[in-house]
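Everything on this sheet refers to the single structure shown next.
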Amino acid sequence: MPNSNQELSFFENVNRNFDRAAQFTSHPKGLLEQIKGCNSVYSFQFPVRTSKGFEVLHGWRVEHSYHKLPVKGGIRYSEMVNEDEVKALAALMTYKCAVVDVPFGGAKGAIKFNPRDYSQMDVELITRRYTSELIRKNYIGPGVDVPAPDYGSSSREMAWIADTYATFNPGKIDALACVTGKPVAEGGVRGRTEATGRGIFYGLREACENSEDMRRLGLTQGLAGKKVIVQGLGNVGYHAAKFCQEAGAVIVALAEYEGAIYNPKGLDVDAVANHRKETGSILGFPGATDITNSRQALELECEILIPAALEEQITKENASRIKAKIIAEGANGPTTADAEEILLQKGVMVIPDMYLNAGGVTVSYFEWLKNLSHVRFGRMDKRFEQSAFDRILRAVEESTGRPFSDFERSRIAKGPDEIDIVNSGLEETMTTAYNQIREILKSNSKIPDLRTAAFLSAINKIATAYIELGIFP
Ligand code: NAD
């Protein structure tokens, strides 16, 4: 349903972007319709007995595309969620996986409730009950459908889901691969928690390294020194802000739902996060100016704006007042189609969600591989590589006559840990995919923007799968 501004609904927005990109293909209409629609929508209600008494909650699991299996996508816990939103997010997952070459179809789930209104025991009960509903209809399983965290859910909930699935499937050796984003001790992979934020950083860094694009935007090359505003200091926003700050960007404003803070000299992300933990609010941070209307922070002076909270934050209402030259979409669907038209007319570069926040699903894919292989990355080869490096160092020492110090030796001759392998796989994925979509953009002057290029990349890859599988001629 269109929102109060009479803009398109979230799913209509996604489909409008799809249609815009589909014009640049010659795929038959039927194939495009098959790619675009949701293959299966499971909408259900389930009863729970929480500390508040008996309640009936509404849940969804939408499986958007079976061109690759399993399907994959997070579970959103929010009292604002609706079916249109879950369908839109499931579709975005399909395109996102295709853009970064993660071999999954897209899916998304949701439970309509606010976890903050419930005790931890209640949230556990609701999570386990929701999981059993998915099991009942075969909407979860390592080769079927693999959920992950999303807005309002975290590794804690993923552990409960894994445990519930394993309980209903005794002896199933791959049971842990039924969900990703688990705590490391429960089969999770190191680096998953920060993966989406880290991926945003890799993507932004790659974009800012391109001198031609930066010149067009009137910006200098490189991320260092650029003024950044981040909306949402949750998992995605916090890590994106932190990695950008570590790379030398200046975080001038942070916006949360209770308000925003601004300091043109820069905010220390960890100090702000600690302040919020201690006081319960982002406001009142020493040295910063409080902005009580949080949305206004999006319109402050900066070079990069990272919306990392929720969808539909940049609309036709505020788009013309946005000053950022680069919108780096951390959240899913933060920019409406109408707003994007305004931004593009102003010459703003929008790095689209379906590419930029794909770090989470990329590392989820690594976690799934780890669960199927039942071995930690690096366990088999770390020492082997270390001794190979060591032999090279010894040969260099012999030929030069100069011994390496213990510090140099430990730094150079170090085999990779799991986190090193995960981060390197993520960096490779994000930089390769950015250059793929940028090349598509540059290949045809009629392709207007990076989002259309990313959609085009996804549509062509999914179409190829359908054609090669013989489903479409
Ligand atoms: P989260 O729940 O950890 O964080 C969201 C943050 O946004 C919270 O701190 C919340 O208080 C804040 N927020 C809510 N409404 C706000 C408002 N109106 N203004 C400012 N701040 C507001 O969720 P997350 O996992 O960080 O997800 C954020 C977005 O990123 C969602 O759109 C999600 O779909 C998307 N995303 C998440 C992942 C992931 O790996 N977690 C991956 C891809 C995309």
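Some observations on this one:
- Listed by first and then second residue, the pairs linking a residue in segment 14-28 that is at positive phi to a residue that is surrounded by fewer than 14 Cβ atoms within 10 Å (Cβ to Cβ), with Cβ atoms under 7 Å apart and 6 or more places separating them unless they lie on different chains, form an empty list.
- In segment 386-439, residue surrounded by the most Cβ atoms within 10 Å (Cβ to Cβ) [restricted to those that are in contact (Cβ under 8 Å) with a residue 12 or more places away in the chain and of a type in the set (Phe, Trp, Tyr)]: TYR434
- Boolean, ALA337 is without any contact (Cβ under 8 Å) to a residue 40 or more places away in the chain, within 25 Å of the chain's Cα centre (by Cα) and surrounded by 13 or more Cβ atoms within 10 Å (Cβ to Cβ): no
- Annotation note: Cβ proximity below 6 Å between a residue of segment 351-378 that is within 29 Å of LYS414 (Cβ to Cβ) and among the hydroxyl-bearing types (Ser, Thr, Tyr) and a residue that is in a helix (DSSP H, G or I) and within 16 Å of the ligand (Cβ to nearest atom) (sequence gap 6+ or interchain) occurs for THR362/LEU426; THR362/THR429.
- Among the residues of segment 312-334, the one identified as among the charged types (D, E, K, R) and under 13 Å from the mean Cα position of the chain (by Cα) is GLU329.
- Looking only at segment 307-330, and only at residues there that are within 12 Å of the ligand (Cβ to nearest atom) and in a loop (DSSP other than H, G, I, E, B), the one that is surrounded by the most Cβ atoms within 10 Å (Cβ to Cβ): GLY330
- Just so you know, in segment 331-343 the residues that are part of a loop (DSSP other than H, G, I, E, B) and either in contact with a Lys or Arg (Cβ under 8 Å, 6 or more places away or on another chain) or hydrophobic (A, V, I, L, M, F, W, C) (or both) include one that is nearest to the ligand (Cβ to nearest atom), and it is ALA331.
- Scanning segment 57-68 turns up one or more residues that are in a strand (DSSP E or B) and surrounded by fewer than 20 Cβ atoms within 10 Å (Cβ to Cβ).
- Scanning segment 278-306 for residues being surrounded by 14 or more Cβ atoms within 10 Å (Cβ to Cβ), in contact (Cβ under 8 Å) with a residue 60 or more places away in the chain and over 14 Å from MET349 (Cα atoms) gives a total of 4.
- Flag if LEU125 is assigned by TED's automatic domain parsing to the domain that holds ILE306, away from the ligand (no atom under 16 Å from the Cβ) and farther than 19 Å from GLY74 by Cβ: no
- Any chance VAL102 is assigned to a strand (DSSP E or B), assigned by TED's automatic domain parsing to the domain that holds ALA175 and either modelled with pLDDT of 95 or more or crowded, with 17+ Cβ neighbours inside 10 Å (or both): no
- Unmet requirement for LYS182, which otherwise passes all of (1) outside any helix (DSSP H, G or I); (2) away from the ligand (no atom under 16 Å from the Cβ); (3) closer than 30 Å to ALA241 by Cβ: (2)
- Number of residues in segment 69-87 that are part of a helix (DSSP H, G or I), surrounded by fewer than 24 Cβ atoms within 10 Å (Cβ to Cβ) and under 19 Å from the mean Cα position of the chain (by Cα) equals 1.
- Tally of residues being farther than 18 Å from LYS108 by Cβ, within 16 Å of the ligand (Cβ to nearest atom) and aromatic (Phe, Trp, Tyr) across segment 147-175: 0
- If you go through segment 128-161 and keep only what is buried (at least 23 other Cβ atoms within 10 Å of the Cβ) and not in a loop (DSSP other than H, G, I, E, B), you end up with TYR130, THR131, LEU134, ASP145, VAL146, PRO147, ALA148, PRO149, GLU157, MET158, ILE161.
- Enumeration of residues in segment 345-400 that are part of a helix (DSSP H, G or I), of a type in the set (Val, Ile, Thr) and away from the ligand (no atom under 16 Å from the Cβ): ILE392, VAL396, THR400
- Taken over segment 260-277, residues that are buried (at least 16 other Cβ atoms within 10 Å of the Cβ) and free of Cβ contacts under 8 Å to residues at least 12 places away in the same chain amount to 1.
The values are calculated or read from the model by the stated rules, or taken from the named source; none is laboratory data. Keep in mind that this is a model prediction, so the values were computed, not measured. Note that each Cβ is placed from the backbone with ideal geometry, even for glycine, and that neighbours are counted across all protein chains shown.
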